[in-house]
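Below: one structure, written as structure tokens.
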Amino acid sequence: MLKTPLQSTGVFLRQSSSRKFFALLALVALGGWLAWLGDTSQPSPITPLPQTHGEPDYYLEKARVQRFDEQGRHYQTLHAEVVTHYPEEELAEAENLQVDHWTAQGDHWRLTAQVGELMQNQQLLLRQEVRLQPQEPENPATPEFLTQRLWLNSQEDLAHTQDEVLMQGSNNTTRGQGLLAELDSGRIQLLEDVQTLYYPRTSLRQPQDSP
């Protein structure tokens, strides 16, 4: 699925509302809260709630959220230990996040991070130990991309960052500054200061630290 790098140096992202998504999270949270009130055997919720973006109005534990486009196509599933919604900033913050994303062509990508922030304009910012990898079971040599911050535009099938990126392949390691990935075509470009270290196939490659 991975193809030759793009030559473009910029990307423009289309914005759209995610009010339906936040409303769905609110309904799920309300249902869970009412169920907890009806069962006094359940432990009390986590306290205190995180307040990294002001006062939260609800949160979810062990969250699994499926997202669909206007045509009803399932294009994304999010798993998180905790999701907290902040009404003042109109964003939801997720901890220990895994995102499975499917493009319109059916290509499957997986992203993981310690922290994720879902914005009102449908962009998802992943932070801390971010990993991006196409899911190709028939190709065990599929590379993995590691960075500390990555933006995902779900509607445009685009991922990008200006931070340092480490790409780990089966017999090479590549570092670069910045990344632009078109997930629908499988084309990924490291933008600047690209350096590659190749390993003999018979040697054991030492694990690399994240950037």
* Do you know which residues across region 145-201 are within 30 Å of Q120 (Cα to Cα) and of a type in the set (F, W, Y)? -> F145, W151
* To do: Report the residue count in region 107-128 for those that are at positive phi and in contact with a Pro (Cβ under 6 Å, 6 or more places away or on another chain).
  => 0
* Asked: What are the pairs, 6+ residues apart or on separate chains, where a residue within region 151-179 that is on the phi > 0 side of the Ramachandran plot and at pLDDT 95 or above has its Cβ under 6 Å from a residue that is of a type in the set (S, T, N, Q) and in a strand (DSSP E or B)?
  -> G178/Q162
* Please go through region 74-118 and pick out each residue that is at pLDDT below 90 and among the charged types (D, E, K, R). => E88, E89, E90
* Structure fact -> When region 98-145 is checked residue by residue, the ones that are surrounded by 14 or more Cβ atoms within 10 Å (Cβ to Cβ) and part of a loop (DSSP other than H, G, I, E, B) are T103, D107, M119, Q120, N121, Q122, Q135, E136, T142, P143
* **Test for Q208: is it outside any strand (DSSP E or B), over 17 Å from the mean Cα position of the chain (by Cα) and either surrounded by 12 or more Cβ atoms within 10 Å (Cβ to Cβ) or modelled with pLDDT of 95 or more (or both)** => yes
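The values are calculated or read from the model by the stated rules, or taken from the named source; none is laboratory data. Fair warning: this is a prediction, and the values are worked out from it, not measured in the lab. Cβ atoms come from the backbone with ideal geometry, glycine included; neighbour counts cover every protein chain shown.
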